[in-house]
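S.K.: Take this structure first; my questions come after.
The values are calculated or read from the model by the stated rules, or taken from the named source; none is laboratory data. Just so it is clear, the model here is predicted, and its values are computed rather than measured. Glycine also receives a Cβ, built like all others from the backbone with ideal geometry; neighbour counts cover every protein chain displayed. What goes into the accessible areas is simple: the full protein's heavy atoms, side chains included, and nothing from ligands, DNA or RNA. Shrake-Rupley method; radii C 1.70, N 1.55, O 1.52, S 1.80 Å.
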Amino acid sequence: MNTQNLLGKLFNEANCLTYDWYFNARRKAEKMCEQFILENPHSFCFVQNKKVPLPLLKHTDFQYFSNGSLVICTPPMYADKTINLARKFLALHGYVVNDIYAPQNKEELLDYFKLLIDIHDKTKELPVSDDDLILRTFNSPAEFADYCFDGCNVLLNAAKDENYDQKYRKMFALFSNGLYVVDEEYKHGDSFHGEVETKFFENRICEEPMMRAIYVPRMYLQALYQRAKHYNWYIASEDATKNLPQIKTTELAIAEKYAEDILPNRLCISITTPRIIYRDIFLDEILTSPDYHRYVLFDDGKLVLSQKYYCEEIRQKHLQEDLRRSFPLIKFTVELVPDYCIDYLYQEIYKRQKNARDIYLEMMRQKAMLISEVFGVPIILAQDVAVQFAGWKDWSDMETVSITHARHLIAMQQNLDKRVEKNGYKNDVIYNAMSYFDLLKSQNIPYENAQAVYQQLKANLAKAKNR
């Protein structure tokens, strides 16, 4: 099949309405928002592109063009489901499907996957002018809620007919028209909360079409769930939790037997996220996250995978390639198990080994001791400084950290350790000394070793200049 001819036909006859235009105009959009917030510090805004009204988050599911052409990449047996989802999503925005381009057999599947990638790459070449961009502004969370619920829009995370884990309510709100609103603390990148759990939802759990995320202050997200309570489709979080599928007795027996067989004399090495080092940096933790990729890895190479996500050999191959970069001397033996076995295995492993939460808390205790030593402050005050620098309110707030969040924070510390090492500093407390000074000063905490710390900083700067 000649996908290049079809690619040319699609772009010659129409405009793509679903590509992520933000890649081409990020700085323009950021400047527009920065200027607005500077002039209206108590308001909120985001930028839309009037030529691309439906920027899809997952560009390999489908793409839609202004002449009604729909391109999908799904095995023929699942095509109807994807087409129906696309039709429903497009209809909510006033669009209809006239022509469908989809693989007719297994052999064409790779061709259509390549076509969607080519469409994605082609859109990266499309310019975005200032006139294309629209600034949407809101003076209050209530005004933003009006926008989100317009047109009888349903908040799926709070709907009684959906079965999403309720932990996601604190992270984002996904609406029936594809509107996707995310707490700004979960913004993708090297953030405090990180992206693992939101990425897992976007790419593995959610089958609904999703538009590119709108990142909002927490009060704006909370306002959406408050507004949702007024609709008859709403379900309270505690009631929704009761409705989530529970592991059956027979499944529990299978998981228990499997754990009994596999765990003795083995050490789990995916307690924290295995990292890939490229030159002198760690690559993105998402590549090997056990939360995102649903696997358990042991020191003898036993690699247990969720059969729900790894029924395709190509997925297994990609994960093994990344894990091999983390553990080049280990030879993997793969075993597929029901998805619930992955969770059960980790539950049992945590009875035998420290979990990521335990490791992170110990890491923070060590950090507090180092701050106390470097700056000459009492350990109890050093603890306050350590947790606040890391993004927590206080020590008790930090102790609420989940295992998934702890894995992310450990990875962030590993990234920091690499930067510290690369720049020749003794430790990360010295590396971030000026920020620690600011924290100590803001809390009126006296410190005894200021002169020694300044001398260390001067020595490091001198060393850097001579490199």
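S.K.: Any chance you could count how many residues in segment 339-370 are in contact with a helix residue (DSSP H, G or I) (Cβ under 7 Å, 6 or more places away or on another chain), in contact (Cβ under 8 Å) with a residue 24 or more places away in the chain and of a type outside the set (Val, Ile, Thr)?
M.R.: Final tally of qualifying residues: 13.
S.K.: With the requirement that a residue be in contact (Cβ under 8 Å) with a residue 12 or more places away in the chain, open to solvent by less than 90 Å² (accessible area, probe 1.4 Å), in a helix (DSSP H, G or I) and out of contact with any Gly (no Cβ under 8 Å at 6 or more places or on another chain), what does segment 85-112 give you?
M.R.: Matches in segment 85-112: LEU85, ALA86, LEU90, GLU108, LEU109, ASP111, TYR112.
S.K.: From the list VAL401, VAL374, which one is more than 27 Å from VAL196 (Cβ to Cβ) and not acidic (Asp, Glu)?
M.R.: Answer to the check: VAL374.
S.K.: Tell me the residue from ALA411, ALA433, ALA450, ALA390 that is within 30 Å of LEU287 (Cα to Cα), out of contact with any Ser or Thr (no Cβ under 9 Å at 6 or more places or on another chain) and of a type in the set (Gly, Ala, Ser), please.
M.R.: Selected residue: ALA390, the only one of ALA411, ALA433, ALA450, ALA390 that is within 30 Å of LEU287 (Cα to Cα), out of contact with any Ser or Thr (no Cβ under 9 Å at 6 or more places or on another chain) and of a type in the set (Gly, Ala, Ser).
S.K.: Same structure, new question: Restricting to segment 335-372, name every residue that is under 19 Å from MET412 (Cα atoms), open to solvent by 20 Å² or more (accessible area, probe 1.4 Å) and of a type in the set (Gly, Ala, Ser).
M.R.: none
S.K.: Among the residues of segment 222-238, count how many are over 26 Å from the mean Cα position of the chain (by Cα) and either small (Gly, Ala, Ser) or open to solvent by 60 Å² or more (accessible area, probe 1.4 Å) (or both).
M.R.: Number satisfying all stated conditions: 4.
S.K.: Quick one: would you say THR400 is surrounded by 17 or more Cβ atoms within 10 Å (Cβ to Cβ) and of a type in the set (Val, Ile, Thr)?
M.R.: no
S.K.: Which of the following residues is open to solvent by less than 10 Å² (accessible area, probe 1.4 Å) and either of a type in the set (Gly, Ala, Ser) or touching a residue at least 24 places away in the same chain (Cβ under 8 Å) (or both): MET210, MET219?
M.R.: After applying the criteria, what remains is MET210.
S.K.: I want to confirm something. Restricting to segment 88-130 and keeping residues that are among the basic types (Lys, Arg) and under 27 Å from the mean Cα position of the chain (by Cα), which single residue is farthest from MET211 (Cα to Cα)?
M.R.: So the residue we want is LYS114.
S.K.: Another one. Among the residues of segment 144-166, what is the count of those that are open to solvent by 60 Å² or more (accessible area, probe 1.4 Å) and assigned to a helix (DSSP H, G or I)?
M.R.: 1
S.K.: I need a count of the residues in segment 57-74 that are of a type outside the set (Ser, Thr, Tyr) and either more than 27 Å from the chain's Cα centre (by Cα) or farther than 18 Å from LYS114 by Cβ (or both).
M.R.: Adding up the residues that qualify gives 5.
S.K.: Could you say which residue among ILE403, ILE430, ILE379 is touching a residue at least 40 places away in the same chain (Cβ under 8 Å), among the aliphatic types (A, V, I, L, M), over 30 Å from TYR258 (Cα atoms) and out of contact with any Pro (no Cβ under 8 Å at 6 or more places or on another chain)?
M.R.: Matching residue, one of ILE403, ILE430, ILE379: ILE430.
S.K.: For segment 51-84, name all the residues that are in a helix (DSSP H, G or I) and either open to solvent by 40 Å² or more (accessible area, probe 1.4 Å) or farther than 20 Å from ASN105 by Cα (or both).
M.R.: PRO76, MET77, TYR78, ASP80, LYS81, ASN84
S.K.: Report, by residue number, each residue of segment 113-124 that is open to solvent by less than 20 Å² (accessible area, probe 1.4 Å) and basic (Lys, Arg).
M.R.: none
S.K.: Of the residues that make up segment 367-379, is at least one within 23 Å of the chain's Cα centre (by Cα) and either under 26 Å from SER191 (Cβ atoms) or not aliphatic (A, V, I, L, M) (or both)?
M.R.: There is no residue in segment 367-379 that is within 23 Å of the chain's Cα centre (by Cα) and either under 26 Å from SER191 (Cβ atoms) or not aliphatic (A, V, I, L, M) (or both).
S.K.: Would you mention how many residues in segment 167-198 are under 15 Å from TYR225 (Cα atoms) and either at pLDDT below 90 or open to solvent by less than 10 Å² (accessible area, probe 1.4 Å) (or both)?
M.R.: Selection size over segment 167-198: 10.
S.K.: So, one more: Within segment 117-129, identify whether any single residue is outside any helix (DSSP H, G or I) and hydrophobic (A, V, I, L, M, F, W, C), and answer yes or no.
M.R.: Scanning segment 117-129, I find at least one residue that is outside any helix (DSSP H, G or I) and hydrophobic (A, V, I, L, M, F, W, C), so the answer is yes.
S.K.: Let me ask something else about it. Please go through segment 268-295 and give me each residue that is closer than 17 Å to ILE342 by Cβ and out of contact with any helix residue (DSSP H, G or I) (no Cβ under 8 Å at 6 or more places or on another chain), ordered by number.
M.R.: Correct list: ILE269 only.
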